[in-house]
Every structure is written in C-alpha cells, then in structure tokens.
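> One structure is given below, represented as structure tokens, and several questions about it will come after.
The values are calculated or read from the model by the stated rules, or taken from the named source; none is laboratory data. On a predicted model such as this, the values are computed, not experimentally measured, just so you know. For neighbour counting, all protein chains shown are included, and Cβ atoms are generated from backbone atoms with ideal geometry for every residue, glycine included.
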Amino acid sequence: MKRSLAFAMVLSACGLGASLSAGAQTIYPAKDGTLADGGLYGPFDGIADDADWYFNESSYEGSIALSTDERAAAEEHRVVWEYSLNTVSYEPPVAATLTFTIRGAPIWPFPDVVVHVYSYPADLQETMDDFHAGPAILQGSVTVLPYQDPTVYTVDASTAVSEALTSGENMVAFRYQIDPGTLEDANQAFIDALDSDPTTKPFLTIDEAPPAPGDADEDGDVDLVDYASFESCMSGPDTTPGSGCDVFDFDQDVDVDLEDFERFQNYFTG
C-alpha cells in the first residue's frame, strides 16, 4: 500500500537479503556528524563538549573510535546520521535496509573491532543531545578487521523505520559506535563518507513490506478470513496449490498441506 506522505528504511549484515522492487526508494541523510568525548576537549565522562562536534566536514565524516588505554588520552568517537522520511511513499509497515561502508584501521596491532549500529529519535538539528539521545536500540553489529578494505554492510531497520512512520515523527537516526563493553584498550574503524557527495554516506532503502505469513488479504492480521483462504488453498502433499496460495506454503515445498496448517495456527492472531 502507498500513501502520499510516508517514510521507511531497510538493514542486514553483509547482504541485502530480500529482493527489492522497482519502486524501492533511497533516502540519504539530512544531517550528520562525528561526536567525540574525552581526548583534547575535556574528560572522558560520557558528556559531549562544544568543541567535540564535527558537523558536515568537507573531508571524511568519521573515525569510529574507543580508547581507554591509560597510555593515551581516553576518548570515544561516535558517528551519527539522521534521515527525514517525508518523501517515503509507502504505508507502514515497510521493509527498510540501512547500507553503509566501513574500513579497518591501518594500524597494527589494533584488534578486530565490533561496531554497533543503534537507532535513536532524530531531531534533524545536529546538536550534542544526539550523544545521549534515546532510547537507543541496537539494530545490528558488524566486526571490522584491522587493514580491512572498505566493505559494504547492510542492517535490517524495518522496525525502526516503520515505527517512525507510524508515530508520525517522520524522522529516524542511526549511531555508529564501538562496542562499549570491549576489553581492548584501543579500537578504531572508519566511515569515509564525504559531505560533498551524499552517495558516499550510509543510506536507507525503503520498500513495501512483504505480506506477513498467512495474511492472505494483507490487512495486518491472520484471522478467519485468512483461514477461509487457507481452506481453499489446501492441496495436500506434493500437489501444487492454486494461484495466490504461496502465502500459505510456509515450508516452501510447493504444496499446502497439514504441515503448513500446523504453522498457520502459530501465526493465527484472530
């Protein structure tokens, strides 16, 4: 289903997963920046200082870093991206994928780095409040090796985007940061995005969500109306069902039989 004013996005790790339709939409960030805590600009205290924000730099957007080594100035760099969903033409729920490119630190002996991707409420304001804006919800994690070439990752952001559309906020944000529970003294990875070139930045791909399993009439539930459709599709083992019955072939063995009926009951919501 479409709507004139809507929003959405999509994510997964290393691969887009579900195929996208010809009508899929691409959304680039409206606001972004790198936020540092500690280091040259004050104590490593979980509070960002005025000098720590780097908004819309002409060079690459961000070093994602976390250093707690006593031999160095303790600091953390988080990279944030905020998206306006006002141009999305699909009704929620939507399928949304966040695609981004990260490379490893060209330094030895830096360890493998776990980068977490969190969603958080966006304000499209580029303020220090983004450092602790929340609730921040983990969307996915990727492991980046030292000296790793730029590598494309995807994360499923369907829930975060759909909720932003449903609430009417029409904004969603993502924060990239090193695993705060890491046991290593120093960690670093890079997103080499150029502010002058939006296509280098992490982007959202938004598409119509596929029908929920068992939801033949695509009304958001699995009820007696869908059960009536299931009955007409029930073909038995090794018998190809009729047109439109794929939604009931839960085990994808090209029939609709008692095994599928067992799974249908699990999806039944009434």
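> Pairs under 7 Å by beta carbon, first residue more than 18 Å from GLU218 (Cα to Cα) in region 253-270, partner part of a helix (DSSP H, G or I), six or more apart or different chains?
Correct list of pairs: VAL256/CYS233; VAL256/PHE248; ASP260/PHE248.
> Every residue in region 125-166 that is under 12 Å from the mean Cα position of the chain (by Cα) and assigned to a loop (DSSP other than H, G, I, E, B), please.
Selection gives ALA157 alone.
> ASP197 fails exactly one of the following numbered conditions: (1) under 30 Å from GLY33 (Cα atoms); (2) touching a residue at least 60 places away in the same chain (Cβ under 8 Å); (3) surrounded by fewer than 17 Cβ atoms within 10 Å (Cβ to Cβ). What is the number of that condition?
So the condition that ASP197 fails would be (2).
> Then there is this: Search region 125-137 for residues that are more than 16 Å from ALA157 (Cβ to Cβ) and assigned by TED's automatic domain parsing to the domain that holds GLY46 and pair each with any residue that is of a type in the set (Val, Ile, Thr) and surrounded by 15 or more Cβ atoms within 10 Å (Cβ to Cβ) when their beta-carbon atoms are under 8 Å apart and the residues are at least 6 apart or on different chains.
ASP130/VAL80
> Does region 19-37 contain any residue that is at pLDDT below 65, aliphatic (A, V, I, L, M) and out of contact with any helix residue (DSSP H, G or I) (no Cβ under 9 Å at 6 or more places or on another chain)?
Looking only at region 19-37, we keep the residues that are at pLDDT below 65, and these are 19-20.
Then drop every residue that is not aliphatic (A, V, I, L, M), which leaves 20.
With out of contact with any helix residue (DSSP H, G or I) (no Cβ under 9 Å at 6 or more places or on another chain) added as a condition, the list becomes 20.
Yes; the residues of region 19-37 include at least one that is at pLDDT below 65, aliphatic (A, V, I, L, M) and out of contact with any helix residue (DSSP H, G or I) (no Cβ under 9 Å at 6 or more places or on another chain).
> Determine if region 93-108 includes at least one residue that is assigned to a strand (DSSP E or B), of a type in the set (Gly, Ala, Ser) and without any contact (Cβ under 8 Å) to a residue 60 or more places away in the chain.
Within region 93-108, not a single residue is assigned to a strand (DSSP E or B), of a type in the set (Gly, Ala, Ser) and without any contact (Cβ under 8 Å) to a residue 60 or more places away in the chain.
> Let me spell it out: the conditions are (1) at pLDDT below 90; (2) of a type in the set (D, E, K, R); (3) surrounded by fewer than 18 Cβ atoms within 10 Å (Cβ to Cβ), and ASP179 meets all of them except one. Which number is the exception?
The single condition ASP179 does not satisfy is (1).
> From the set of residues in region 85-117 that are closer than 22 Å to GLY181 by Cβ and surrounded by fewer than 21 Cβ atoms within 10 Å (Cβ to Cβ), which is nearest to the chain's Cα centre (by Cα)?
Among them, the one singled out is HIS116.
> Also, quick follow-up: Quick one: which residue in PRO93, PRO121 is at pLDDT 90 or above, under 25 Å from ASP156 (Cα atoms) and not aromatic (Phe, Trp, Tyr)?
PRO121
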